[in-house]
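> Sending over a structure as C-alpha cells; questions will come in a sec.
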DNA sequence: TTGAAAACCACGAATTCCCATGGTATCCAC
DNA sequence: GTGGATACCATGGGAATTCGTGGTTTTCAA
C-alpha cells in the first residue's frame, strides 16, 4: 500500500544537521519500514539525484523497495536502466530516525539544497520532499494559481486533468 | 460510492481549535472510512490549497483515496501532476474525529480562513466546506440569485445546465 | 589525541486524552 | 397524550503525553 504523506511544515536545522521529522511523517515511516522494531526507529531513503530541483525526495523503505524491484525487472539492454540506477540508487542514502524523532542531514545534502537554518517538509502522497525555505517559496509561487496571470485557465486545466484521471465508476 | 453531505450549520470553535462536526456529517465520514473501527472515530482529509477562496474543503477517506489514485495514474511528465499534488496532498491534513465528535482545527488552518469563534459547515454532496461566518455570508450573497441584477436570466441558465447534465434514468 | 559523529539527557510548549455538563430530541409505558 | 426516562448532541476544563528543540557526554576513527 502506498504511503500517505500530507501537509507541509517547517523545522529548525541545527549546526550538526539535526532536524525533527514532522510527527505524522514519522509514523508513516514506521508503518512502512518492515524491519522497524515495534516502537523503534524507522529507516528511510533520501534521493538527491533530482538535478533540476533543489530538493531531497524521501521514500519509505517500502517505496524504495518498490523502485528497486522495478529496476530489477528492467532489461539490462535498456539504456535507461543504468540512468535510473544512478538517480535512485547511486545518488541516495539510507538514514535512520534517531531516538528523538530527528534525522541527521549529512553536510553534502545540506549544501545540495542550500539549507539556511530551516527546512520545509512537503508531503507528496507516497513520498515527501525537503526544501530550504527560500527555494520552497519560489516553487510554491510557481505552483500557485492565485497570482498567475492566467490563473483561471490554469485552474481549469488542472481540474480537467484531475477529472480525466479520476475513475468515475458510478454505483 | 460518493458521499451525501447536505445542509449547513454553525458551531463554536474553542481556543484550542476544537469544533463539533455536524452529527450527520460525522456519520457520513464513518461510513466512508474503511479503516474506521466499528463505532470508532473516523479520519478524514482537509484540503486548504484553494487559494482563491477562504475555506477548507473536507474529503472522506474514500474521496481522498480517489484523488490519490487519480494522481498515481497521471503521467509524471504532465506538469499539472505536481501542481495537483501540491494542492491536494501538500496543502492538506489528515485529521481524526475525537471521542466527542469534534475535530481540532490546527492554528494554521484557523488563520487561513479567518476563524473568529464560529465555523460554518456547508454540505456539498461528496465533500463539505468549512468557512468563517463572515466569509460564508459574503460567498452566500454572491451565489444567491434573488438579488442579482439579472436574477431571472441566471436562474434560467442554472436550470438549463441542471437539465443538460441530468441523467434521466428512472428508478 | 583530537575532531567529528553518535548517543544520551532535559525541558517548555503545544497537543491529545479523559472526564464532566447542560440541553434537546426521542422513545416508551401508563 | 403526558410524564419520565433515555439516548445523543454540543461544549467546557484539566491532566497527561507528545513534540520540537537545545545541551552535554560518549564513542570512534584518523
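Each reported figure results from applying straightforward, stated rules to the coordinates on display, with no laboratory input. Computed from a predicted structure; not experimentally measured. In this analysis, Cβ positions are derived from the backbone assuming ideal geometry, glycine residues included, and neighbour counts consider all displayed protein chains.
> In peptide A:133-143, what is the residue-averaged number of other protein chain Cβ atoms found within 10 Å of each Cβ? Intermediate values should be presented prior to the final figure.
Details: counts 0, 0, 0, 0, 0, 0, 2, 3, 0, 3, 11.
Mean shielding count: 2.
> Further, regarding this structure: What is the order of A:165, B:165, fewest Cβ neighbours within 10 Å to most?
Going from least to most buried by this count: B:165, A:165.
> Let me make sure I get this right: for the range B:8-163, a, b and c are the square roots of the gyration tensor eigenvalues over alpha carbons, sorted descending. Under 1.5 in a/c it's rounded, otherwise prolate if a/b > b/c, else oblate. Which is it?
Because a/c hits 1.5 or more and a/b fails to exceed b/c, the range B:8-163 counts as oblate.
> Could you identify which residue out of A:60, A:127, A:94 has the top mean-square fluctuation in a GNM of chain A using Cα springs shorter than 10 Å?
It is A:94.
> I would also like to ask the following. Sorted from shortest, what are the nm distances separating the label point of residue B:78 from equivalent points in the other copies, each placed 7 Å from Cα along Cα to C-beta?
2.1
> Given label points at 7 Å from Cα along Cα→Cβ, what nm distances, shortest first, separate residue B:141 from the same residue in every other copy?
Values, ascending and in nm: 3.3.
> Same structure again: So between residue B:160 and residue B:107, what do we pick up on full extension, going 0.36 nm a residue minus the alpha carbon distance?
Working it through step by step, the gained length comes to 14.9 nm.
> For the range B:54-100 and the range A:78-118, what is the centre-to-centre distance using only Cα atoms, to the nearest Å?
Rounded to whole Å, the Cα centres lie 26 Å apart.
> Please compute the contact order of chain B in relative form: average sequence separation of alpha-carbon pairs under 8 Å and at least six residues apart, divided by the residue count, as a percent. Show your work: numbers first, answer last.
On the way: 247 pairs, mean separation 53.2, N = 171.
Relative contact order for chain B comes out at 31 percent.
> Where a ≥ b ≥ c are the square roots of the eigenvalues of the C-alpha gyration tensor, would you call the range A:47-116 rounded, which needs a/c under 1.5, or, failing that, prolate if a/b is larger than b/c, or oblate? Please list the in-between numbers first.
Working: a/c = 3.32, a/b = 1.59, b/c = 2.09.
Oblate shape, in that a/c is at least 1.5 and b/c is the bigger or equal ratio.
> A follow-up question, please. What average count of beta carbons from other chains do you get within 10 Å of the Cβ of residues in A:4-14?
4
> Between copies, how close do the residue A:27 label points come, placed 7 Å along Cα→Cβ, listed in nm from shortest?
The projected label point of residue A:27 is separated from its counterparts by 2.7 nm.
> While we're here: Spin-label point model (7 Å from Cα, Cβ direction): what's the residue A:85 to residue B:4 distance in nm?
In this crude spin-label approximation the distance works out to 5.6 nm.
> Next question, about the same structure. When ranked by the protection proxy of mean other Cβ atoms within 10 Å per residue, highest first, what sequence do the peptides B:107-118, B:82-93 form?
B:82-93, B:107-118
> Under the rule of -39500 (n - 2.57) per DSSP H run of 4 or more residues, summed and divided by the residues of the protein assembly as shown, what mean residue ellipticity at 222 nm is obtained, to the nearest 500 deg cm²/dmol? Intermediate values should be presented prior to the final figure.
Values: 12 runs with 123 residues, N = 342.
For the protein assembly as shown, the value works out to -10500 deg cm²/dmol.
> Under 1.5 on a/c is rounded, so check that first for the protein assembly as shown, then, if it is not, pick prolate when a/b is larger than b/c and oblate when it is not; a ≥ b ≥ c are the square roots of the alpha carbon gyration tensor eigenvalues.
prolate
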